[in-house]
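First up is the structure itself, then whatever we jot down about it.
Throughout, read-outs are computed from the coordinates displayed, never taken from laboratory work. As the structure is a prediction and not an experimental result, all values here were calculated from the model. As a convention, Cβ positions derive from the backbone with ideal geometry for all residues, glycine included, and neighbour counts pool all protein chains shown.
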Number of protein chains: 2
Amino acid sequence: MSKSIPISPPSPRATLKRAPDRGHYDRETVYAILDEGLVAHLGVVVDGAPRVIPFVYARIDDDLYLHGSTGNRVLRALRDGAPGCLTVTHIDGLVLARSAFHHSVNYRSVVAHGAGVEVTDPEERKRALDATVDQVANGRAKDVRPPNDEELRRTMVVRMSLAEASAKMRSGEPIEDPDDLGLPHWAGVLPMRQAFGEPTGDSLLQHDIDVPGYLVDYSRTEG
Amino acid sequence: MSKSIPISPPSPRATLKRAPDRGHYDRETVYAILDEGLVAHLGVVVDGAPRVIPFVYARIDDDLYLHGSTGNRVLRALRDGAPGCLTVTHIDGLVLARSAFHHSVNYRSVVAHGAGVEVTDPEERKRALDATVDQVANGRAKDVRPPNDEELRRTMVVRMSLAEASAKMRSGEPIEDPDDLGLPHWAGVLPMRQAFGEPTGDSLLQHDIDVPGYLVDYSRTEG
């Protein structure tokens, strides 16, 4: 981490109060977790109560981009100035200790706080939507019909800064109470990851169209 | 779904405004999504802004149970009456359409709105904590050292009703604009799931302790 560049000095709400030793504020860590992710959980207050909704997203430099229908209430609230909290979580393993109390999960997560800004510049909207398609499958944005005017009119793009983002993670073995080490219970880690199957062409696919290279041996953890 | 029992008539905020055809309010659907899940994203307003934090959880009948340190600010806010929103999401596949606009994700999610109640009854706390351990690995709660008095003193258990829960899901092929069907782009679904590796005993594990049956061929989608 010695070469890492902090995104910003942690703001009070981006500073971890629980398990502060698990907190990371450097760009590389935050970027890596976000770039491996597919879906973020965005929390915004609508009508006085929080709503937490999964969103596909894209990251460009220090900004996240969300998009949705122009009628999407959560995105509209974020755009209209309601503070947002966006969280991306990877679960890497189940941690089974000899005691119930020390059971845990190995994970990597990013929590970003901030307000949203609607993106109206056509070029920035295009970059954000292309990046979103490429976040799902890197290379796909050049291999689709781009959005037409009507589709663009129906789509809202909202930018959220990563200035108040922090990462948190746990890895490794269970922590054990020394008095428990002689107990007859198995203890260790069950590793866990996202796995992808074979791409399945749709029922209308023309026979001469091969599976594109970016879907062959698809993985989110390399490159 | 004809035999399904609605958890309750949908409340206004539990009623889907976007894509209402993807909404489900029946118990079986909500239970199945929650019981397959490991981590929920809980959103609660703290100091005027939402926070979205991943939590391990357990379901017993129509209640969810969360636990954490007695100092956990999000849980404390939920217990103190702040409205909460708890979301569990499974991603089942990437949906690649011939147009950027119709790209999507196959998913199943549950969103539950409600307030939290701190659980103080010792028996209910024990049931909730046992259910949480069993949510991670079914059978584990009987195969660990149970929490001692000091561990219980440091643990807050909060119950949240599923009365305002709803499920939403998408499955199947991309939706296509008929005009796009002749385009030379591959279209279809890349299936996705959680995969589990081999249980790895910790470095202090006694040699005569075998991997327990509940971790052999571990899966969250059966039984």
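Does the range A:126-223 come out rounded, prolate or oblate by the C-alpha gyration tensor, with a ≥ b ≥ c the root eigenvalues, rounded set by a/c under 1.5 and, if not, prolate when a/b is larger than b/c and oblate if not? Verdict is oblate for the range A:126-223.
With a Förster radius of 22 Å applied to the beta-carbon distance between residue B:150 and residue A:171, the computed FRET efficiency rounds to 0.25.
Basic side chains Lys and Arg get +1 at the Cβ, acidic Asp and Glu get -1 at the Cβ, and with that the dipole of the protein assembly as shown about its Cα centre reaches some 1400 debye. Shown in residue order for the range B:70-82 are the 3J(HN,Hα) couplings computed by the Karplus curve 6.51 cos²θ - 1.76 cosθ + 1.60 at θ = phi - 60°: 4, x, 5, 5, 5, 5, 5, 4, 4, 4, 7, x, 5 Hz (x for Gly and Pro).
With a Cα cut-off of under 26 Å and a minimum spacing of 8 residues unless on different chains, the lysine pairs in the protein assembly as shown number 8. Where only DSSP H runs of four or more residues are counted, chain B gives -4500 deg cm²/dmol as its mean residue ellipticity at 222 nm, each run worth -39500 (n - 2.57). Sorted shortest first, the separations between the residue A:138 label point and its copies elsewhere in the assembly read 3.8 nm; each point sits 7 Å from Cα along the Cα-to-Cβ line. Count the net charge of all other residues whose Cβ sits under 11 Å from the Cβ of residue B:127, scoring Lys and Arg as +1 and Asp and Glu as -1. Net charge around residue B:127: -4. Between residue A:217 and residue B:121, the C-beta separation translates, for a Förster distance of 60 Å, into a calculated FRET efficiency of about 0.70. Inter-copy label distances at residue A:175, shortest first and taken from points set 7 Å along Cα to Cβ: 4.7 nm. Basic side chains Lys and Arg get +1 at the Cβ, acidic Asp and Glu get -1 at the Cβ, and with that the dipole of the range A:23-108 about its Cα centre reaches some 380 debye. Sorted shortest first, the separations between the residue B:195 label point and its copies elsewhere in the assembly read 0.5 nm; each point sits 7 Å from Cα along the Cα-to-Cβ line. Only the Cβ atoms of Lys and Arg (+1) and of Asp and Glu (-1) were treated as charged; on that basis the dipole of the range A:49-93 about its Cα centre amounts to roughly 340 debye.
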